[in-house]
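Chemist: Just dropping this structure here.
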Amino acid sequence: MTEILYRQYVGESDLPHIMALVQSELSEPYVIYTYRYFLHQWPQLSFLAIPAGSSEPIGVIVCKQSMHKHASNRGYIAMLSVSKSWRKRGVASTLVRRSVEVMRRNGVDEVVLETEYDNAPALSLYESLGFIREKRLYRFYLNGKDAFRLVLAVPPSELDQEFPHYMKLSPTHNIFSYPVSSDDDEVSYR
């Protein structure tokens, strides 16, 4: 079993790796400013997956968290990509869980994302993590494909109820290590 290290984005030196992973695996093109928009404002919500003993990331998730319509604290998964040779090992689900956990600790009410309507592996992954299809977005992507918007309701934990919001700890740039499993059906996800 190969050990995978999961760590938060640490700075501009991670950007070329993130861009390479996303550009090679996702159909939607992004300019460097899009990456920087997310990574510079919400670095604590972006994680990289790196095999032990390597410096080359094999998976990445890029997210944000902000108020939506001044009513709900909403997380958003903008990009999720795993190298083809590392799929079906639990990498994508671990990346999603890491980001959602940080958002939950910061008071998120829900997490949303879009994925192509015919991306069965992505839909399966997200639905296995509790996301539900909210609506179909017609001709959402530049390639003309439709998308599904998926939503995950994030109830507060017992810890959230014990401590007021101003007492919550902010996330740090920790490194998390998990063994790789083979129970996920992974592809590149958005």
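Chemist: Can Ser188 be described as open to solvent by less than 30 Å² (accessible area, probe 1.4 Å), at pLDDT below 55, of a type outside the set (A, V, I, L, M, F, W, C) and touching an Asp or Glu at 6+ places or on another chain (Cβ under 7 Å)? Full working, then the answer.
Modeler: Values: open to solvent by less than 30 Å² (accessible area, probe 1.4 Å): yes; at pLDDT below 55: yes; of a type outside the set (A, V, I, L, M, F, W, C): yes; touching an Asp or Glu at 6+ places or on another chain (Cβ under 7 Å): yes.
Yes.
Chemist: Working carefully through the options Ser85, Ser81, find the one that is surrounded by fewer than 18 Cβ atoms within 10 Å (Cβ to Cβ) and among the hydroxyl-bearing types (Ser, Thr, Tyr).
Modeler: Sole residue among the options that is surrounded by fewer than 18 Cβ atoms within 10 Å (Cβ to Cβ) and among the hydroxyl-bearing types (Ser, Thr, Tyr): Ser85.
Chemist: Give me a count of the residues in the stretch 24-46 that are of a type in the set (Val, Ile, Thr) and either in contact (Cβ under 8 Å) with a residue 12 or more places away in the chain or part of a helix (DSSP H, G or I) (or both). Let's see the steps before the verdict.
Modeler: Taking the stretch 24-46 first, the residues of a type in the set (Val, Ile, Thr) are 31-32, 34.
In the following step, the residues that additionally are either in contact (Cβ under 8 Å) with a residue 12 or more places away in the chain or part of a helix (DSSP H, G or I) (or both) were identified as 32, 34.
Number of matching residues: 2.
Chemist: Of all residues being among the charged types (D, E, K, R) and part of a strand (DSSP E or B) in the stretch 61-83, which is nearest to Val112 (Cα to Cα)? Just the residue, please. Reasoning before the result, please.
Modeler: Narrowing the stretch 61-83 to residues among the charged types (D, E, K, R): 64, 69, 74.
Right, trim to part of a strand (DSSP E or B) and you get 64, 74.
Working: Lys64: 10, Arg74: 7 Å.
Among those that are among the charged types (D, E, K, R) and part of a strand (DSSP E or B), it is Arg74.
Chemist: Can you tell me which residues in the stretch 1-33 are open to solvent by less than 20 Å² (accessible area, probe 1.4 Å) and aromatic (Phe, Trp, Tyr)?
Modeler: Tyr6, Tyr9
Chemist: Can you pull out every residue in the stretch 15-27 that is of a type outside the set (A, V, I, L, M, F, W, C) and under 16 Å from the mean Cα position of the chain (by Cα)? Step through it out loud before you land on a result.
Modeler: Of all residues in the stretch 15-27, those of a type outside the set (A, V, I, L, M, F, W, C) come to 16-17, 23-25, 27.
Listed by number, the residues that qualify are His17, Gln23, Glu25.
Chemist: Mind counting the residues in the stretch 126-158 that are part of a loop (DSSP other than H, G, I, E, B), polar (S, T, N, Q) and farther than 19 Å from Glu28 by Cα? Break it down stepwise before answering.
Modeler: Applying the first criterion (part of a loop (DSSP other than H, G, I, E, B)) to the stretch 126-158 yields 129-131, 138-146, 154-157.
Restricting the remaining residues to those that are polar (S, T, N, Q) gives 143, 157.
Pick out the ones that are also farther than 19 Å from Glu28 by Cα and you get 157.
So the answer is 1.
Chemist: On to the next question. Take the residues in the stretch 34-70 that are open to solvent by less than 10 Å² (accessible area, probe 1.4 Å) and hydroxyl-bearing (Ser, Thr, Tyr), then tell me which one is nearest to Val100 (Cα to Cα).
Modeler: Ser46
Chemist: Look through the stretch 137-151, keep the residues that are free of Cβ contacts under 8 Å to residues at least 24 places away in the same chain and either open to solvent by less than 90 Å² (accessible area, probe 1.4 Å) or closer than 23 Å to Ala92 by Cα (or both), and return whichever of them is nearest to the chain's Cα centre (by Cα). Lay out the reasoning, then the answer.
Modeler: Applying the first criterion (free of Cβ contacts under 8 Å to residues at least 24 places away in the same chain) to the stretch 137-151 yields 137-139, 144.
From the residues that got through so far, the ones that are either open to solvent by less than 90 Å² (accessible area, probe 1.4 Å) or closer than 23 Å to Ala92 by Cα (or both) too are 137, 144.
Details: Leu137: 20, Gly144: 23 Å.
Top of the filtered list is Leu137.
Chemist: Does Glu101 meet the test of being more than 10 Å from the chain's Cα centre (by Cα) and either within 20 Å of Phe131 (Cα to Cα) or crowded, with 20+ Cβ neighbours inside 10 Å (or both)? Quick ask: steps written out before the conclusion?
Modeler: Details: more than 10 Å from the chain's Cα centre (by Cα): yes; either within 20 Å of Phe131 (Cα to Cα) or crowded, with 20+ Cβ neighbours inside 10 Å (or both): yes.
So Glu101 fits the description; yes.
Chemist: Does the stretch 115-122 include one or more residues that are open to solvent by 10 Å² or more (accessible area, probe 1.4 Å), touching a residue at least 40 places away in the same chain (Cβ under 8 Å) and either part of a loop (DSSP other than H, G, I, E, B) or within 24 Å of Gln8 (Cα to Cα) (or both)? I'd like the intermediate steps shown before the answer.
Modeler: We begin by selecting, within the stretch 115-122, every residue open to solvent by 10 Å² or more (accessible area, probe 1.4 Å); these are 116-121.
Filter once more, keeping what is touching a residue at least 40 places away in the same chain (Cβ under 8 Å): 116, 119, 121.
Next, from what is left, pick out any that are either part of a loop (DSSP other than H, G, I, E, B) or within 24 Å of Gln8 (Cα to Cα) (or both): 119.
The answer is yes, given that some residue of the stretch 115-122 is open to solvent by 10 Å² or more (accessible area, probe 1.4 Å), touching a residue at least 40 places away in the same chain (Cβ under 8 Å) and either part of a loop (DSSP other than H, G, I, E, B) or within 24 Å of Gln8 (Cα to Cα) (or both).
The values are calculated or read from the model by the stated rules, or taken from the named source; none is laboratory data. Computed from a predicted model, the values in this text were never measured in an experiment. Neighbour counts are summed over all protein chains in view; Cβ atoms, including those assigned to glycine, are modelled from backbone coordinates with ideal geometry. Each accessible area value is taken on the protein alone, full model and side chains, heavy atoms only, with ligands, DNA and RNA left out. Shrake-Rupley method; radii C 1.70, N 1.55, O 1.52, S 1.80 Å.
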